[in-house]
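Have a look at the structure below before the remarks.
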Amino acid sequence: MRLMIVGSLNGQLGAATKIALDRGAKVVNAPGVQQAMSELRAGRGADLLMVEVTQPIAELVKMLAAERIHVPIVACGIGTDARAAVDAIRAGAKEYVPLPPDAALIAAVLEAVADESHQLIFEDRSMETVIALAEQVAPSDASILITGESGTGKEVLARFVHRKSARADKPFISVNCAAIPENLLESELFGHEKGSFTGAVARRVGKFEEADGGTLLLDEISEMDVRLQAKLLRALQEREIDRVGGGKPVKVNIRVIATSNRDLGAAVKAGTFREDLLYRLNVVNLRLPALRERKADIVALARHFSKKYSAANGVPDRAFDATARAALLSHPWRGNVRELENTIHRAVLLARGPEITDDAIRMPDGSRVDEAIVVSGDPAAARAAQTAESITRSFVGRTVSDMERDLILETLSHCLGNRTHAANILGISIRTLRNKLKEYSEAGVSVPPPGAGELRAAG
């Protein structure tokens, strides 16, 4: 956990620093916003910014957004000034922490950022096999390719490998190759010099340098442009990178982990992924099974998420009764762990009585998860025939473009706004999906907003 504290507050933030250090965080202090930005540009990254409330938080948020530096902000202030807290939240802070700091509160903030989403929960034998292999290869510096459907927990597994490696005390840096525009990804990975392109207001260290000594995760690497793949291959082979606009190469010492929800072998055959890069990355392959292939994990994960969201919403922690467990086990979970987490969050809010029943296990539209599975008479045939007939009738009189638009938007809604998962289901690239959504938005069509959502506990 890397914490950057911005401001002074007459020693009150110093007390917060000591608490954070005692909790195992690595702390950097910056006296103001400009100094904080300089530290971040230089590659001294942070997982969390604790910022004095009198600092220009809105300005800091704008600068971070302009330079594509993604890090949550928690505002801090002496006493309980309600106006200051509201202004800080409106400016973009995620939370407001009153000072002097309470040790338990600081600990909770750090744990929420550092640990909650990185815990591995599993009971299924198939997952046990994957985790055993991950633990075996973690101490090496071998490149690892983690494959599996969207939502299975690929980044969580990557963080587990890092924690079990000799680089555990060094940075873990993650880059989502699908989320960064193609023309900006090179700068994001390798950094840039001031003035090398429009918007390059200062020298910026890239993710390779920021991860120096540690681990770099290239998430959804299948979405990387072929031209950039060649530069990545050179960086992996030579252990050096060239900043955009730079004059000399920079040596780096990193371990690379890549993830993909696509078949990279098929991508090689299609000419969209370099074969030599695949060989370089795929020294060890860790395949995460889909949630429907690891039935023993479903209830274990459900219990984990129910405890989490019961505490978060201030409601009693309830057990799942037999009907709820049956509903959970019967659902296909095409969105994997991410879909399960969202479903359990809803169940915690909808549950009534001493236990969570099947009536609380519902889809985003309010329908029960088992409605598409449990039908009177012949469950499969009756439902399929009924659905096929109604769908066929609905095709008549509609254009192909209308059908395509509805399919894309309905799939996106099913995926709770998750673009990557929707693109995977539709069999199109994330860029094609984004172009379609942009076209629909410009035509005045309502598009679902981007969605949010791993996991015997492994430490």
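Only the coordinates and a few stated rules stand behind these numbers; no lab work does. Since the model is a prediction, treat every value here as computed from it, not as a measurement. When we count neighbours, we look across all protein chains shown, and the Cβ atoms used for this are built from the backbone with ideal geometry, even at glycine.
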One finds the C-alpha centres of the stretch 183-227 and the stretch 257-314 to be spaced, in Å, by 24 Å
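Calculate the FRET efficiency for Leu184 and Lys62 from the Cβ-Cβ distance with a Förster distance of 22 Å, rounded to the nearest 0.05. Intermediate values should be presented prior to the final figure.
Working: r = 17 Å, r/R0 = 0.79.
Computed FRET efficiency for Leu184 and Lys62 comes out at 0.80.
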Treating only Lys and Arg (+1) and Asp and Glu (-1) as charged, each at its beta carbon, one finds that the stretch 398-442 has a dipole about its Cα centre, in Debye to the nearest 20, of 200 debye
Mean Cβ-within-10 Å packing, highest first, puts peptides 216-222, 43-49 in the order 216-222, 43-49
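Under the definition of Cα pairs under 8 Å and six or more residues apart, what whole-number percent is the relative contact order of the stretch 155-283? All intermediate terms of the calculation are to be shown ahead of the outcome.
Values: 209 pairs, mean separation 34.2, N = 129.
Relative contact order of the stretch 155-283: 27 percent.
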Under the rule rounded for a/c under 1.5, else prolate if a/b exceeds b/c, else oblate, using alpha carbon gyration tensor axes a ≥ b ≥ c, the stretch 124-223 is classed as oblate
Diffing the stretch 339-349: the Karplus 3J(HN,Hα) column from phi (6.51, -1.76, 1.60, θ = phi - 60°), in whole Hz with x for Gly and Pro, holds 5, 4, 4, 5, 5, 5, 4, 4, 4, 4, 6
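Could you calculate the contour length gain from Ala443 to Asn313, that is, 0.36 nm times the residue separation minus the distance between their Cα atoms, to one decimal place in nm?
43.0 nm
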Expected sort for Met1, Met403 with the fewest Cβ neighbours (10 Å cutoff) up front is Met403, Met1
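From the Cα gyration tensor of the stretch 292-360, with a ≥ b ≥ c the square roots of its eigenvalues, which class applies: rounded if a/c is under 1.5, or else prolate if a/b is larger than b/c, or else oblate? Provide the component values of the computation, followed by the final result.
Numbers: a/c = 1.94, a/b = 1.44, b/c = 1.34.
Because a/c hits 1.5 or more and a/b exceeds b/c, the stretch 292-360 counts as prolate.
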A chain fully extended from Ser196 to Lys94 at 0.36 nm per residue, minus the present Cα-Cα distance, gains in nm 33.4 nm
To the nearest 20 debye, the stretch 292-360 has a Cα-centred charge dipole, built from +1 on Lys and Arg Cβ and -1 on Asp and Glu Cβ, of 180 debye
The lysines whose Cα lies under 26 Å from the Cα of Lys231, excluding any fewer than 8 residues away in the same chain, are Lys154, Lys170, Lys194, Lys207, Lys248, Lys251, Lys269
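Taking a ≥ b ≥ c as the square roots of the Cα gyration tensor eigenvalues, with a/c under 1.5 meaning rounded and otherwise prolate when a/b beats b/c, else oblate, which class fits the stretch 125-289? The partial results should precede the final answer.
Numbers: a/c = 1.99, a/b = 1.46, b/c = 1.36.
Since a/c reaches 1.5 and a/b is larger than b/c, the shape of the stretch 125-289 is classed as prolate.
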Charge dipole of the stretch 125-289 built from unit charges on the beta carbon (Lys, Arg +1; Asp, Glu -1), centred at mean Cα; most positive-end Cα among Asn282, Leu232, Ala211 is Ala211
Any lysines whose Cα falls less than 23 Å from that of Lys94, other than same-chain ones fewer than 8 residues away, would be Lys18, Lys26, Lys62, Lys307, Lys308
Checking the stretch 270-367 for trypsin sites (Lys or Arg not before Pro) in a loop per DSSP with at most 14 other beta-carbon atoms within 10 Å yields Arg352
